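Just so it is clear, none of the values below were taken in a lab; they were calculated from the coordinates. Values in this document were obtained by computation on a predicted structure and should not be read as measured data. For neighbour counting, all protein chains shown are included, and Cβ atoms are generated from backbone atoms with ideal geometry for every residue, glycine included.
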Amino acid sequence: MPLHKRSNEETAEHVAACLQLAILLEINAPKPGNVHRNANFHKTNYEHFLASTVAAAPSFKIAAMQGIKVAERKINLSNVGIGRIIKDAIERINTWQHGGNTLLGTVILLSPIAVAAGKTLKENNNAFDLQKIRKNIKAVTTATKPEDAVALYEAISTAKPGGLNKAPRFDVTKASSKQEILETHTTLFDVFKISARYDSVSNEWTNNYSIVFDTGFPFLKKELTKNSINNAVVHTFLKILAETPDTLIARKVGWKKANKISDQARQILQLGGLKTQKGRNVLATFDKKLRDSENKLNPGTTADLITATLALHVLSGYRP
């Protein structure tokens, strides 16, 4: 069906399908230290991620539809309800699998992309425009309310992610934080500004997805011209990890260790990565090292950033 003849419903379904495919492509690629088709964690496996991807799709469709409504001037950006969208997605994921937290960071990153994609496609006659989507992502993330922050905290309580340390303010582990957020009129964007210095997902929200757009997207685009999708994803994963220490690792074992892991990712790329035998050998050793029994060295935040990068590529028309 020609793009310009899509109904609003079909456009929202298209956005949701694109984001689903992005998650599946990320899960499938053999990224070091992460779950993929040939590697599981003790309590979380590949099938848990597959189930989570299916469960998240309805929320992405709702998010895209909200973006369409904004474009049609039926609702304001502040009334999109991005926090509720994230919360509903995590609750649905939790009912579809028993592997614990699988996609919290991914859902937090992809939900604004879904809203922005719906808005952009409606405004742009269903044509993809990278810069307009980025502009609309910024509009979505900066228009949040305190209620969005409270909904996010409830999503985190449901997902129970690892690596949560005490925050200087609005600590997600404190029962009083939600009430304090409402009383002080603190928006979700404000909360992410506080956590941006120790969490890359928060940093992306408050810095207009700088890693995804400025590093991940152009690097993956170039890699896809000369590699299979799996190899391109692994190399982009290493590129992002080399330039941005994984904040999940940093919260668990400290920045010194996280920086060392980034140095090793950079070395693997310099050796040719999956394109050379030496690169493959060092990558295999690196992967084994990251798979400690307690998952303290899992570069999970980097995986979230890769998924968001893939989402933009699939929205732009990439098909495997």
*When you take every Cα atom in the range 202-314, what is the radius of gyration, and what is Dmax, the widest Cα pair distance, in Å?*
13.6, 40
_What does the net charge come to around Lys296 if you take all other residues with beta carbon closer than 14 Å to its beta carbon, with K and R at +1 and D and E at -1?_
+4
*Place +1 on the Cβ of every Lys and Arg and -1 on the Cβ of every Asp and Glu in the chain, take the dipole about the Cα centre, and give the residue among Ala51, Asn125, Tyr209 whose Cα lies farthest towards its positive end.*
Tyr209
*Kirkwood Rh in Å, taken over the range 4-138 so that all alpha-carbon pairs contribute*: 15.2
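When Rg is the radius of gyration of the Cα atoms in the range 139-196 and Rh is its Kirkwood radius, what does Rg/Rh come to?
Reported Rg/Rh, Kirkwood definition of Rh: 0.94.
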*Given the peptides 16-25, 287-296, arrange them by the average over their residues of other C-beta atoms within 10 Å, most packed first.*
16-25, 287-296
*Convex hull of Cα atoms in the chain, direction-averaged projection (nm²)*: 15.2
*Net +/- balance of residues flanking Val70 in space, Cβ distance below 12 Å, scoring K and R +1, D and E -1*: +3
*Highest to lowest packing among 175-181, 135-141, 114-120, scored as the average C-beta count within 10 Å*: 114-120, 135-141, 175-181
*What size of dipole, in debye to the nearest 20, comes out for the chain about its Cα centre when the only charges are +1 on Lys and Arg C-beta atoms and -1 on Asp and Glu C-beta atoms?*
760
*What does the charge add up to near Ser200, with Lys and Arg as +1, Asp and Glu as -1, over the other residues with Cβ less than 9 Å from its Cβ?*
-4
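Taking the radius of gyration and the Kirkwood hydrodynamic radius from Cα positions alone, what is the Rg/Rh ratio for the range 103-219, to two decimal places?
1.00
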_Bins of 10 Å, beginning at zero and ending with the bin holding the largest distance: percent of Cα pairs per bin for the range 1-72, please._
19, 38, 24, 15, 3
